[in-house]
1. Is there a residue in the range 238-256 that is within 15 Å of the ligand (Cβ to nearest atom) and modelled with pLDDT of 95 or more?
2. For the range 136-156, does any single residue satisfy the condition of being in a loop (DSSP other than H, G, I, E, B) and within 15 Å of the ligand (Cβ to nearest atom)?
3. Just name the residue that is nearest to Leu380 (Cα to Cα) out of those in the range 244-275 that are among the polar types (S, T, N, Q) and outside any helix (DSSP H, G or I).
4. Could you tell me which residue of the range 99-128 is farthest from the ligand (Cβ to nearest atom), considering only residues that are hydrophobic (A, V, I, L, M, F, W, C) and part of a helix (DSSP H, G or I)?
5. Please list, ordered by first then second residue, the pairs with beta carbon atoms under 6 Å, 6 or more apart or interchain, first in the range 98-120 and at positive phi, second of a type in the set (A, V, I, L, M) and more than 16 Å from the ligand (Cβ to nearest atom).
6. Pairs under 6 Å by beta carbon, first residue over 14 Å from Gly111 (Cα atoms) in the range 159-181, partner open to solvent by less than 20 Å² (accessible area, probe 1.4 Å) and among the basic types (Lys, Arg), six or more apart or different chains?
7. Test Leu260 against the criterion of being over 17 Å from the mean Cα position of the chain (by Cα), surrounded by 24 or more Cβ atoms within 10 Å (Cβ to Cβ), away from the ligand (no atom under 15 Å from the Cβ) and of a type in the set (A, V, I, L, M), and give yes or no.
8. For the range 136-153, what are the residues that are farther than 25 Å from Ala94 by Cβ and either crowded, with 16+ Cβ neighbours inside 10 Å or in contact (Cβ under 8 Å) with a residue 12 or more places away in the chain (or both)?
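The values are calculated or read from the model by the stated rules, or taken from the named source; none is laboratory data. Just so it is clear, the structure is predicted and the values come from calculations on it, not from any experiment. No Cβ is skipped: glycine too gets one built from the backbone with ideal geometry, and neighbour counts run over all protein chains shown. These accessible areas exclude ligands, DNA and RNA; they are computed on the full protein's heavy atoms, side chains included. Shrake-Rupley method; radii C 1.70, N 1.55, O 1.52, S 1.80 Å.
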Amino acid sequence: MRMYDLIMKKRNGGVLSKDEIYFMIEEYTRGNIPDYQMSAMMMAIYFVGMNEEETLHLTMAMAQSGDMLNLSGIDGVKVDKHSTGGVGDKTSLALTPMVSACGVKIAKMSGRGLGHTGGTIDKLESFPGFSTDISTQKFISNVNEIGIAIMGQTKELAPADKKLYALRDVTATVDNMSLIASSIMSKKLAAGADAIVLDVKTGSGAFMKKQEDAFALAREMVSLGKNAGRNTLAVVSDMDQPLGNAIGNALEVKEAIDTLKGQGPADFTELCMTIGALMLIAGGVASTEQEARSQLEQVIKDGRALDKLAEFVKAQGGDERAVYHPELLAKAAYEEAILAPSEGYVQKIICDEAGIASLILGGGRETKESVIDLSVGIILNKKVGAKVKTGEELATLYANDYEKLKAAKERLLGAYRIGQEKPELRNVIIGVVK
Ligand code: URA
């Protein structure tokens, strides 16, 4: 088999066979197919597309390109959760301890921030000493003993995806449905959980700007998961404005802690309750949504959800005191507000622009090598639908560098649209795909 022939076949609209897809992925992972040929293939797939069967073979070939974790030695249903990424998306930080406190085992693989979107690993590193760079044995023993563990993508897990994702990122071939679905699901399948709950974002801050694309991606991933024998479901949720009020690593950790105390923002709390309920049902500890919600409410009320976060942070080397004393988290030197330039309703907050403002402050990575400043970020005081007077505070920026603060202020102000008409509010939950 020759890679040249496969590129030509796809370029001309052909369908790749299982053997051809496995050949391409295995040889690329071994370093026997050069990046320039794989780039051409990715671009051909981008334009021609892949059918359902090809997407399944690509997913399985990437999942099997390294270790497939076997969690069958751990009692009970092990559940993983994944978000396609967004701005202010700190869901895993609050959700996983809530669900774990209700008795469902969380075995989760997480990533770092990408572009204007934040990543769970970076946020968790706001707890001094915390590490997701743990061995497979430690991952399995933590899930077994305390009911929750989160690890990063190691060299051993879906290495083909790791290599391919980096290539797609620099060849304008990320935003293709089959490529995104196979990339996400290959990692989830390799990480070994029995049930997978996906949070597919849609709106101006998401990969999938249009709702119909988000639903198509959700359906594709659910079908891939089920085909591989895993109980898989997806929520499609709003990312047309940032989630919750906080954007930036330590600020988002603080907001997740508030939420575990029952004091979180309404949209964020609702998302955690909806996904949490699905996870409890998938994990077999509740049979109806109502039953699941009341269990989640109970662990928030009696403090078990917060205690679970502390237990989890400590088990992965972090300073758990910050869970009870968030003032111990990193703090920025300056804070400054942006003010409403006119009276009216907040009609829109362009979500990716708000993410870029946080990135400019140092809260995200400009390049793969950038070091994140965990303390900086933004608190949105006014979200879509709020009525504001001229001069009222729209948001507060937290910074350590005055020049960056100036640039971020301008960018964030540009993300706000204020007008006279009251906007239609989007529900944070747009739909569920089972
Ligand atoms: N996240 C992934 O892991 N892969 C993609 O292709 C897009 C988002």
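1. Taking every residue of the range 238-256 in turn, at least one turns out to be within 15 Å of the ligand (Cβ to nearest atom) and modelled with pLDDT of 95 or more.
2. Of the residues in the range 136-156, the ones in a loop (DSSP other than H, G, I, E, B) are 147, 153-156.
Imposing the further condition that a residue be within 15 Å of the ligand (Cβ to nearest atom) reduces the set to 153-154.
Yes: the range 136-156 contains one or more residues that are in a loop (DSSP other than H, G, I, E, B) and within 15 Å of the ligand (Cβ to nearest atom).
3. Among those that are among the polar types (S, T, N, Q) and outside any helix (DSSP H, G or I), it is Asn245.
4. Going residue by residue through the range 99-128, those that are hydrophobic (A, V, I, L, M, F, W, C) are 99, 101-102, 104, 106-107, 109, 114, 121, 124, 127.
If we keep only those that are part of a helix (DSSP H, G or I) as well, we get 99, 101, 121, 124.
Working: Val99: 22, Ala101: 28, Ile121: 13, Leu124: 17 Å.
Among them, the one singled out is Ala101.
5. Gly103/Val285
6. Qualifying pairs under 6 Å: Val174/Arg168.
7. In short, yes.
8. Thr136
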